[in-house]
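Before any comments, here is the structure.
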Amino acid sequence: MFHIRSILNGMLLMSVVFLSAQNESALQKLGYAEDARLLIIHADDLGVTHSENMASIKALESSPVNSASIMVPCPWFPEIAAYARDHSGVDFGLHLTLNAEWKYYKWGPVSSKDSVASLVNSDGYFYSLVDSLNMFAKADQVETELRNQITKAYKAGIDVTHLDAHMGAAVSTPQNVLAYLKVGKEFQLPVLLDKRIHEIPSEEIKSMIDERTLLMDGIYSAGPEDYKGGMAAYYEKVFRELPVGISSLLIHLAYDDEEMQAVTIDHPNWGAAWRQADMDFFTSDTCKQILEEEGITLVSWREIRDKITRAK
């Protein structure tokens, strides 16, 4: 089976960088010089816990972190949805969710379970693993659930700026990618992808990539080896080596507190201590200093949505 899950699954190391005339023109559309180094610093997993919400909100309000995405099916969605309604200028997208990976902390679809039965296990929850999802998922039901998550976010009053994929599930097979692109087109929202989309042997997918589709020049996220080597060292390397073009850096912010420790029990990768390490770096003076030294410009998904995806 073809997989491009490594694009977004949080386990990727530094993404291979691709440059093209398309993103050079995207730089112009966004109003930046062709040699600009643009970056979205993007916090994943809002809605999963109160700890995740509070840490992410603090970073969005007082650090270079300038974007985040919300997991609509998760228990703490109402809290972050209320914040998003009251802070409409904050760049909130949706972390489209098809898995529930933690040992004891689970959730299921926003759709009625009988309408998306192929997406849930015998207990009625999303599968823990992307491989399990892809073994059973029906394409039309994936599309239904993605669409209903977006609809629920809009009904909650969120000004959705973009879409991305929790654990890379929505981009883990050609049929999932097609559903992901379809709902993006339907709601006129940019979707997080890079140029490896061109590797998928699907004419239908290729036909959906047009001048309103922005493909990232780089997507970066720390993996287990990076965590072992120290988060500050990894993120400094990303900043120092950031290429010309438009890139996205995916991070996970939470406090290493009792709630987050319980949620991530027996799962040290992307666990509570990992998320606290992300929080510590991105709220530090060092983070701001390196961005300034490198002349990196922070750009938002809202700019991409309004100037490219919804351009008239």
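Just so you know, all these numbers are worked out from the coordinates, no wet-lab data involved. Not measured: the values here are computed from a predicted model. So basically every Cβ, Gly included, is an ideal-geometry build from the backbone, and we count neighbours across all protein chains shown.
Observations, loosely collected:
- Applying 1/(1 + (r/R0)^6) with R0 = 45 Å to the Cβ-Cβ distance of residue 209 and residue 262 gives a FRET efficiency near 0.60.
- Converting the Cα gyration tensor eigenvalues of the stretch 194-312 into ellipsoid dimensions via √(5λ) gives semi-axes, longest first, of 31, 20, 14 Å.
- Extension gain for residue 135-residue 104 works out to 8.9 nm (0.36 nm per residue, less the C-alpha to C-alpha distance).
- Only helices enter the 222 nm calculation for the chain: every DSSP H run of n ≥ 4 contributes -39,500 (n - 2.57), and dividing by all residues gives -11000 deg cm²/dmol, rounded to 500.
- Taken as Cα centroids, the stretch 133-183 and the stretch 227-295 sit 26 Å apart, rounded to the nearest whole angstrom.
- Estimated distance in nm for a label pair at residue 292 and residue 87, the labels positioned 7 Å out from Cα along Cα-to-Cβ: 2.3 nm
- The calculated FRET efficiency for residue 159 paired with residue 58, based on their beta-carbon distance and R0 = 22 Å, is about 0.60.
- Separation of the residue 240 and residue 285 label points, Cα + 7 Å toward Cβ, nm: 2.1 nm
- Base-10 log of normalised Debye intensity for the chain (one unit scatterer per alpha-carbon) at q = 0.12, 0.14 Å⁻¹: -0.75, -1.06
- Per-residue extension of 0.36 nm, minus the Cα-Cα distance of residue 311 and residue 122, leaves a gain of 63.6 nm for this segment.
- Cα gyration tensor, the stretch 119-215 - rounded (a/c under 1.5), prolate or oblate: oblate
- The alpha-carbon of residue 312 sits under 30 angstrom from the alpha-carbons of these lysines, leaving out residues fewer than 8 places away in its chain: 29, 152, 155, 182, 185, 195, 206.
- Per residue convex hull volume, Cα atoms of the stretch 87-128, in Å³: 99 Å³
- Rounded to the nearest angstrom and listed largest first, the equivalent-ellipsoid semi-axes of the stretch 48-159 from its Cα gyration tensor are 27, 15, 11.
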